[in-house]
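Note sheet for the following structure.
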Amino acid sequence: MDKTTNLFINKTFDITPWLIWHLQILKNAIVMALKNIEYLVQKTKFWDRYRQFPLNERQIKVLNKILDVGNENFEGGISTKKYISITKVSKATAIRDMALLLEYGCIQQIEGTSGRNVRYELQNY
């Protein structure tokens with residue numbers, strides 16, 4: 001603490017810096033709470049949209065991982081290799097699972113990717 005925020009040292013008894021500091025902490029807490037609420041609302045909207053599809057545990061795990069970090073933060077999108085790494089399944093199983101996710105509309109191909117370098121991202125929700 002500096003001399004302006006510690007009221008015992010602050011001989012002028014000006015509480016303005018103290019109030020500003022506490023209000024800034026409160027503001028930061030409110031902003032973080034709103035971000036968390038927005039995240040939960042978006043995740044709920046996604047699952048409400050795809051709840052009727054018979055997704056297996058692996059597919060749910062991968063989708064939740066992408067939802068948790070955010071589409072924009074899931075670097076490079078989801079590929080077969082990443083799917084295998086996350087779920088610890090064979091390449092054939094990963095391809096089948098991803099094909100179903102694509103068929104159900106949970107994921108979409110990232111524009112400009114194809115062949116061995118095809119990547120997917122969550123469908124806009």
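Amide H contacts of Gln123: Ile107, Gln108, each under 5 Å away and 5 or more positions distant or on a separate chain (H built 1.01 Å from N in the peptide plane; Pro and chain starts excluded). Lys-Lys pairs in the chain that are eight or more residues apart or on separate chains and whose Cα atoms lie under 14 Å of each other come to 10.
In debye, nearest 20, what is the charge dipole magnitude of the chain about its Cα centre with +1 on Lys and Arg Cβ and -1 on Asp and Glu Cβ, if you could check?
Charge dipole of the chain: 400 debye, to the nearest 20.
Okay, helix-only estimate at 222 nm for the chain: each DSSP H run of n ≥ 4 adds -39500 (n - 2.57), divide by all residues, round to 500 deg cm²/dmol; what do you get?
On the way: 4 runs with 70 residues, N = 125.
Using -39500 (n - 2.57) per qualifying helix, the result is -19000 deg cm²/dmol.
Between (1) 48, 15, 12; (2) 42, 13, 11; (3) 26, 19, 13, which matches semi-axes √(5λ) of the Cα gyration tensor in Å calculated for the structure shown? Step by step, semi-axes √(5λ) of the Cα gyration tensor in Å for this structure corresponds to label (1). Charges on Cβ only, +1 for Lys and Arg, -1 for Asp and Glu, centred on the Cα centroid of the chain; of Tyr83, Leu23, Asn73, which one is farthest towards the dipole's positive end? So the residue we want is Tyr83.
Using only Cα atoms, find the angle between the long axis of helix 16-50 and the longest principal axis of the chain, and express it within 0 to 90 degrees, rounded to the nearest 10. Roughly 20 degrees, rounded to the nearest 10.
Every read-out reported here was derived from the displayed coordinates using simple, explicitly stated rules and does not represent laboratory data. Computed from a predicted structure; not experimentally measured. In this analysis, Cβ positions are derived from the backbone assuming ideal geometry, glycine residues included, and neighbour counts consider all displayed protein chains.
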